[in-house]
Amino acid sequence: MTRSAAARQKYRSLSRLHILVVEDDRLAREQMGLMLSRFAGRLSTAADGAEGLEFFKHERPDIVVTDISMPHMDGLDMAEAIKAMDKATPVVLVTAYSDAQFFLRSIAMGIDGYVVKPVEAEALLTLLSRLGAGLLAARAEASRARLFQFTLDINPNFILTCDGAEVDYVNRTFLDFLGAPSLAALKEGRHAGRFLEIDGRRHGVADFSWIGNIGARPDATHQAVFSRLAGEDGRQRTFLVSVAAFPELDRRILTFADITPLAEERRLLLIRAATDALTGIANRAGIDEILDGELRRVAREETPLAVILFDIDHFKVINDTYGHPAGDAVLVALTGLVAAQVRAGDSLGRYGGEEFLIVAPGADKAEGLRLAERLRLAVENHLFPAAGRVTVSFGLASARPGESAAALVGRADEALYRAKEAGRNRVAAG
């Protein structure tokens, strides 16, 4: 490698930079310009501080090398003005000064280096190369940060990052969904008004207090549900929240993956699993689950609860006489009739065959008997398709402290049996 090639390799960072030389002495300016032009990507010159400052405003060179003593505006005044516009632009002073005031002012304004006159080429090139390498590294880091942010902003998943417990970034996809122009606007409450549920607990979208609970369990995932807005398709949006922790940096990254289709499919499967296909009301599994929940509430709140078990009298005769389609039509009509008569908050389920169960929270024995009698009369006075008049027998039981669902329904079944034995089309209590 030739000496010239080795020098260019040594100072290669300068080949990507635009250097401005400001020097009022024409010969010194030409000599320095000639020397630096061999290494700089672009070299410009100015004859004094005022000219140099004007050039900087329009061209924004990467590095400024300036003399101190010049007409119209000296190098220190120009350097101070340049630093006021852009602190990141390196400024190198070429000086014969050695007094303390000069150095103190240079330090105060953030001068990046200086060389003394007469200028040694190697000393100046080494300083400029070091400053250039730092400048290029800072720009590369800034470009990586912009690339990283761009990648996050176009990611279809919702992403936010936390510095400790403080949210410091929300990607554009997330902000657009929330109807907020920026993170600052979101924190100020300027958003579309959605609400968020994390693991079943409701929060405002700008209330990030829930983040303290996220990631408490390593490798845990969480479910987030965003309420819909007016004019949307009616579905809630469900997301799976994952957390990546970086404890050395005290940082966390939270990602929200949209699982709405899966959540909707699961919801429909659960509905189908708990719904009677013929009548559309709860099936045995569905009504059992409702009863278990109401019994837990009874235990907590010590409130009354009644269950009413009923079935159609002589239903086999209906099937044998009119056929099973007619029997199914009677079941469907009976379901609609009873569902329209029960109280708000009561639950109706098909317990099996022609047998149905009503779970009536808050109803004591007297209220349960009134409800059952009202239903009995409504059925007795109704004309059913094909079968005409139909009657129904009812068995009622009121929950006892600590009683299981099976025991409670068992007592209602015993009461229903007594109603059948007593002549049908009547209500009996257990």
Looking at this structure, is Ala333 surrounded by 19 or more Cβ atoms within 10 Å (Cβ to Cβ) and more than 19 Å from Glu373 (Cβ to Cβ)?
yes
Could you run through region 272-296 and say how many residues are of a type in the set (A, V, I, L, M, F, W, C), closer than 14 Å to Pro361 by Cβ and open to solvent by 50 Å² or more (accessible area, probe 1.4 Å)?
1
In region 34-80, the residues that are open to solvent by less than 10 Å² (accessible area, probe 1.4 Å) and part of a helix (DSSP H, G or I)
Leu36, Gly49, Gly52, Phe56, Gly75, Met78, Ala79
Could you check how many residues of region 7-43 are in contact with a Ser or Thr (Cβ under 6 Å, 6 or more places away or on another chain) and of a type in the set (Val, Ile, Thr)?
2
Can you work out which of the residues in region 367-407 that are over 47 Å from the mean Cα position of the chain (by Cα) and without any contact (Cβ under 8 Å) to a residue 40 or more places away in the chain is least open to solvent (accessible area, probe 1.4 Å)?
Gly388
Considering only region 57-99, state which residues are of a type in the set (Gly, Ala, Ser), more than 22 Å from Ala123 (Cα to Cα) and modelled with pLDDT under 90.
none
Counting only residues in region 100-116 that are surrounded by 13 or more Cβ atoms within 10 Å (Cβ to Cβ) and part of a helix (DSSP H, G or I), the one modelled with the highest pLDDT is identified as Met109
Name the residue, out of Tyr322, Tyr351, that is at pLDDT below 95, open to solvent by 20 Å² or more (accessible area, probe 1.4 Å) and either more than 47 Å from the chain's Cα centre (by Cα) or over 17 Å from Leu416 (Cβ atoms) (or both).
Tyr322
Restricting the first residue to region 56-79 and requiring it to be closer than 15 Å to Ile19 by Cβ, which pairs with a second residue that is among the acidic types (Asp, Glu) and part of a loop (DSSP other than H, G, I, E, B) meet a Cβ separation below 6 Å and a spacing of at least six or different chains?
Asp67/Glu23
Look through region 13-32, keep the residues that are closer than 15 Å to Asp62 by Cα and in a helix (DSSP H, G or I), and return whichever of them is least open to solvent (accessible area, probe 1.4 Å).
Leu14
Subset of region 155-204 (residues that are open to solvent by 80 Å² or more (accessible area, probe 1.4 Å) and among the basic types (Lys, Arg))
Arg172, Lys187, Arg190, Arg201, Arg202
Flag for Gly410 being closer than 16 Å to Phe310 by Cβ, among the small types (Gly, Ala, Ser), free of Cβ contacts under 8 Å to residues at least 24 places away in the same chain and surrounded by 14 or more Cβ atoms within 10 Å (Cβ to Cβ):
yes
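The values are calculated or read from the model by the stated rules, or taken from the named source; none is laboratory data. Since this is a predicted model, take the numbers as computed values, not measurements. Every residue, glycine as well, gets a Cβ built from its backbone with ideal geometry; the counts of neighbours run over all protein chains shown. Just so you know, the surface numbers come from the protein's heavy atoms only, side chains and all, with ligands and any DNA or RNA stripped out. Shrake-Rupley method; radii C 1.70, N 1.55, O 1.52, S 1.80 Å.
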